[in-house]
Amino acid sequence: MPRAFKIPGGMAGVWIVGGVGFAACAFTFFVSLFPAGGTGVPIPVYMGIMLLGTALLALPPLVFMHFRKPSWLPAGAGASSPPAAGKDQGTTNAAATKKGK
């Protein structure tokens, strides 16, 4: 499939760009755990609130992914059951491949 853009450097370039992006996000998350000056909130309390808020915001997508229905798969995915977490949804699992033979 032709892409609208290409990262130079092949896979090494992709890893570098992805690594820089991940490092920037991790640094931003780390910095956000410290309160701005003059808030009057103790640092451990502020960090706890931020971590709890992050966990609560991350929870709903994980719950939906765990309880997803097979009918939610895109048409033509080919699998009779939802793929395992982290797998490409466009591929079939080994059991579905064996059934087709």
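The table for this structure:
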read-out	value
Qualifying positions in region 11-42 - part of a helix (DSSP H, G or I) and modelled with pLDDT under 90	Ser32
Flag for Thr91 being assigned to a helix (DSSP H, G or I), of a type in the set (Val, Ile, Thr), modelled with pLDDT under 90 and surrounded by 10 or more Cβ atoms within 10 Å (Cβ to Cβ)	no
Failed condition for Thr39, given (1) surrounded by 10 or more Cβ atoms within 10 Å (Cβ to Cβ); (2) in contact with a helix residue (DSSP H, G or I) (Cβ under 9 Å, 6 or more places away or on another chain)	(1)
Test result for Met47, of a type outside the set (Phe, Trp, Tyr), surrounded by 11 or more Cβ atoms within 10 Å (Cβ to Cβ), out of contact with any helix residue (DSSP H, G or I) (no Cβ under 7 Å at 6 or more places or on another chain) and at pLDDT 90 or above	yes
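The values are calculated or read from the model by the stated rules, or taken from the named source; none is laboratory data. Since we're looking at a predicted model, the values are computed, not measured. We place every Cβ from the backbone using ideal geometry, glycine too, and count neighbours over all the protein chains shown.
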